[in-house]
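The values are calculated or read from the model by the stated rules, or taken from the named source; none is laboratory data. Bear in mind the structure is a predicted one, so any value in this text is a computation, not a measurement. Using ideal geometry, Cβ is built from the backbone for each residue, glycine included, and neighbour counts are taken over all protein chains shown.
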Amino acid sequence: MRLPPKRLVRSILIAAVAATCAATIGSAQYCTPTYSTGCTFGDGLALFQLNTINQTIPCSGSPAWYHDFTAVSTQLVAGTGYTLTVQAGYSSIYVSVWVDLNNDNDLSDSGELLGQIICSASSTNYSTTITIPTGTTPGNHRLRFATEWIAYPSGPCSSETYGNAGDFTIEVLGPSATGTTTAVTSSINPSVHHQSVTFTATVAPVSGSGTPTGTVEFQIDGSDFGSPVTLSGGVATLTTSALSVGTHPVGATYGGDSSFSGSSGSLSGGQVVNAYGQAASIAATGGTPQSAMVGTPFAATLQATVMDSLGNPVEGATVTFTPPISGASGTFAGGNPATAATDSNGVATAPTFTANNTSGTYQVQATVSGATSAALFDLTNTEPIPTLTGIGLLFMLAVLAGTGVLLLRRG
Ligand SMILES: [Ca+2]
Ligand SMILES: [Ca+2]
């Protein structure tokens, strides 16, 4: 085959490396395709989704162009169509899918080629429908995908140039297996950061009676979260308080059992985790205790921090700072009482506070709606300290007075 210039260049660059990778890979019972260049330039599949299988495919490992995913399986009911969705890492990638329907360790029998897709553009989903023929023996079967650039691979075991291949396991269920639905709900949505949230997956038959058994795997943000959870009465739950602030997709995948086929579902809209909830407490976190001379401003501004019941700082809460009405007290710039909104750290900063002309110790209160008790600032207005100038003046007066007495005596 004549290679386009781009392909020719890249082919020359890596030909020596790729050639060493052509070896027999995978299960000893199954021959595998080989690739001279493989997926180095993104050729082949990057994503494979079939029923409950959701597999990203790296171009790494030895060899990078073949992956044994036979530990990954899904259940397909014979005679039912399932959507296969794939994504390629390069344009014009042709995909073939086979299943060893008669379990004779090859994928080349008549009817074992079950689907073909052309991924015209890279990083784009393309879908087709895969249907296991009725009459296929229930149980595990090998599924293989193989790819090539601008042409379908010659067969399930051929020598190819650009692309990759991989094997999965499918468990074929007889047409009598009952389909299921998996629904996901949240105990509280939206929730608040650090709040415990319980997700519930409910697996139900699409028709008839009976209770599905087996396990459900939860996914959060697209990745498996925790170990599979065993169904109890068709229900599996997952509780976490570890979600960060933001919106998190939450899904659940039911693997199926001998009577019920697998299914998956997701939480509508995802789990929304807010940074904070309602204000629940307030604390004096700046400017206490301190003192100032009567009639002068306090050096440190009064600061109060507002939290919700889970200890998250609450932003935008209005804090009211109230000094005593009479006696030793003071005045905020702008008048009493003063109000200030909390910042993103939950901190409200009062305007400058100036002691009145009465000395003594007192408390300024800071309050916020939702908190049952106030934050208290311990402040003291102090008497003026006699200055050196004042002492000197008294001394001089005394001296002058003494001098006057002496003059009077002489007179
Ligand atoms: Ca076969
Ligand atoms: Ca055969």
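Structure above, values below:
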item: Among (1) more than 18 Å from GLY174 (Cα to Cα); (2) within 16 Å of ligand 1 (Cβ to nearest atom); (3) over 35 Å from the mean Cα position of the chain (by Cα), the one test that ARG144 misses; result: (3)
item: Breaking point among (1) away from ligand 2 (no atom under 16 Å from the Cβ); (2) closer than 18 Å to LEU173 by Cα; (3) not in a strand (DSSP E or B), for THR83; result: (3)
item: Matching residues in segment 73-114 - criterion: being modelled with pLDDT of 95 or more, away from ligand 1 (no atom under 16 Å from the Cβ) and within 19 Å of PRO156 (Cβ to Cβ); result: LEU84, VAL86, ALA88, ILE93, TYR94, VAL95
item: Within segment 74-103, tally of residues that are under 26 Å from the mean Cα position of the chain (by Cα) and over 27 Å from SER120 (Cβ atoms); result: 0
item: Residue among ALA15, ALA64 that is modelled with pLDDT under 95 and touching a Ser or Thr at 6+ places or on another chain (Cβ under 9 Å); result: ALA15
item: Complete set of residues in segment 229-251 that are of a type in the set (A, V, I, L, M, F, W, C) and within 15 Å of ASN189 (Cβ to Cβ); result: LEU238, LEU243, VAL245, VAL250
item: Residues located in segment 99-151, provided they are touching a Lys or Arg at 6+ places or on another chain (Cβ under 9 Å), assigned to a strand (DSSP E or B) and either within 16 Å of ligand 2 (Cβ to nearest atom) or not assigned by TED's automatic domain parsing to the domain that holds LEU50 (or both); result: VAL99
item: Identity of the residue in segment 87-98, part of a strand (DSSP E or B) and away from ligand 2 (no atom under 16 Å from the Cβ), that ends up surrounded by the most Cβ atoms within 10 Å (Cβ to Cβ); result: ALA88
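Okay, residues lined up against (1) at pLDDT below 95; (2) buried (at least 16 other Cβ atoms within 10 Å of the Cβ):
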| site | (1), (2) |
| --- | --- |
| SER123 | no, no |
| THR137 | yes, no |
| GLY155 | no, yes |
| THR182 | no, yes |
